[in-house]
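A short worksheet on the structure shown next.
Here, each number is a calculation from the coordinates, and none is a lab measurement. Keep in mind that this is a model prediction, so the values were computed, not measured. Neighbour counts are summed over all protein chains in view; Cβ atoms, including those assigned to glycine, are modelled from backbone coordinates with ideal geometry.
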Amino acid sequence: MNKVLEVKNLRMNFGGLSAIDTFNLDVSDGEIVAVIGPNGAGKTTLFNCITGLYTASSGDILISPPDKKTKSIIGFKPNIITESGLARTFQNIRLFSNMTVLENVMIGRHCRLNSGIIGAIFRPKTTVNEEEQVVQDSYDILEKIGLEKYVNEFAKNLPYGAQRRLEIARALATDPFLLLLDEPAAGMNMQETKELDDLILKIRDEEKISILLIEHDMSLVMSLSDRIIVMDYGKNIAQGNPAEIKRNTDVIKAYLGETFA
């Protein structure tokens, strides 16, 4: 399979502290890859480097969008990386609380619009048509995610699990080929986690989007992932499919607990 993301010898230093140390990772087309590890291992820092919130100290990050040439995104701003086809959610929910569910998704479509300031002022037919299409596209995404019944609700009024799903819907609105999920199951109950499991598989299988996720819920990780990367002190200490990770004694003791032995 073609690799859609390659992280090569990545380092991220904060003063004298090395948060990521010569880290390597890749995600293939149609693959779900999970990054696990203890708090402080460098997982979210890794995501921040990939999505342009941090500029890595050294190394390279390569993306291969569908039907386009491979390119490095080191030093790119977050909005340019989003336009290139990478989208993410955050560990802490970052919705526009006082906007409706539909409006939150519509914001995600902004990077795909062609109308500029002139269009907004004079509102030619092309601009009006584009705005109508954005509304329809956003509603279609809500239907796929199962949130259409909340379309006119303020985001702050949604149940917690629905707010998590709305973040994913907004990310999907950017039309990504790679979706990065930072602890998507955090704070969810068992039923919400099961629904999230189904949703992630649906996104991969029906929308043909590759997935890279950080997660502490090992049941979710084991059921979803094609491949798991174990991170500690900024380094890749183990990787493999779920069965291989389950058999790794050091990983079991350090990260999964004896119940997975």
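Values for this structure:
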item: Selection count where residues are part of a strand (DSSP E or B) and out of contact with any Phe, Trp or Tyr (no Cβ under 8 Å at 6 or more places or on another chain), scope the range 87-106; result: 1
item: Filter pass, LEU180 being outside any helix (DSSP H, G or I), buried (at least 22 other Cβ atoms within 10 Å of the Cβ) and either basic (Lys, Arg) or in contact with a Leu (Cβ under 9 Å, 6 or more places away or on another chain) (or both); result: yes
item: Candidates VAL230, VAL251, filtered to the one that is out of contact with any His (no Cβ under 6 Å at 6 or more places or on another chain) and not in a strand (DSSP E or B); result: VAL251
item: Odd one out for ASP67 among (1) outside any helix (DSSP H, G or I); (2) in contact (Cβ under 8 Å) with a residue 12 or more places away in the chain; result: (2)
item: Leading residue by the ranking (surrounded by the fewest Cβ atoms within 10 Å (Cβ to Cβ)) among those in the range 210-246 that are under 14 Å from ILE32 (Cα atoms) and free of Cβ contacts under 8 Å to residues at least 40 places away in the same chain; result: ASN241
item: Sole exception among (1) surrounded by 14 or more Cβ atoms within 10 Å (Cβ to Cβ); (2) in contact (Cβ under 8 Å) with a residue 60 or more places away in the chain; (3) on the phi < 0 side of the Ramachandran plot; (4) not acidic (Asp, Glu) for LEU53, by number; result: (2)
item: Selection from the range 30-50 of residues that are buried (at least 16 other Cβ atoms within 10 Å of the Cβ) and not in a helix (DSSP H, G or I); result: GLU31, ILE32, VAL33, ALA34, VAL35, ILE36, GLY37, ALA41, GLY42
item: Among (1) touching a residue at least 24 places away in the same chain (Cβ under 8 Å); (2) out of contact with any strand residue (DSSP E or B) (no Cβ under 6 Å at 6 or more places or on another chain); (3) closer than 27 Å to VAL251 by Cβ, the one test that LYS43 misses; result: (2)
